[in-house]
Each structure stands twice: as structure tokens, then as C-alpha cells.
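Nothing in this text is a laboratory measurement; each read-out follows from the coordinates by a stated rule. As the structure is a prediction and not an experimental result, all values here were calculated from the model. For neighbour counting, all protein chains shown are included, and Cβ atoms are generated from backbone atoms with ideal geometry for every residue, glycine included.
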Amino acid sequence: MQRWEYRAVAFAEGQYTAMLNQYAAEGWELVAVAPDVRTVPQRKDSGGLGVPIPGLGKLGQAAQAVSNLGGTDVPDAPEPGSVSTTFLWVLRRPLEPD
């Protein structure tokens, strides 16, 4: 009985052909393409730490400063609560017999 090894991968846009050819050269074949739909999580409003921790003093201030560096002006960053869709490429190749 033939046994298979499966792999689900996401490729960067514009790299589909090159990546599929690379996997094919390694013995993989494409069996399905499925959408991978995700919702971008909402930012937590707790000072950037996720959970407020009292008494951290300078460490807490440093964590807040680092959190503020990220900001929300990241180019091409999806808005919190928005839906992001990519594709998962499902590949398989035969396993060697035992």
C-alpha cells in the first residue's frame, strides 16, 4: 500500500510558480489549494504589556517605551479586526517503503 507524506505551505505572492517548481524537483506534487482566512487580533489596551503588572518601576517604563516604538503606522500592516486571506498549498510525496 502506498503511503504519503503531506505538507501545507504558504507562498509569497508572485512566487507561486518558482516555489511549486522547487517543491516538484524535490518530489512533491500539488494536491489542493485552500484559503487560509484569519482575523487580525485587536490591540490590547493595557499599556502594551498584555497584562498590567504593578511595581515594575523602570522595567515597566522601558517595556512601555519599547511598546510605543512599534506604533500603528506600520506600512501595509492590516487593521486590527480586519480579515486576512492567504492560500495554503497542500503538497504530497510518496514515502519510501519500510
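Please compute the net charge surrounding Tyr6, taking Lys and Arg as +1 and Asp and Glu as -1 over other residues with Cβ under 12 Å from its Cβ. Summing Lys and Arg as +1 and Asp and Glu as -1 gives +2. Rounded to the nearest 20 debye, the dipole size of region 1-45 about its Cα centre is 220 debye, using +1 on the Cβ of Lys and Arg and -1 on the Cβ of Asp and Glu.
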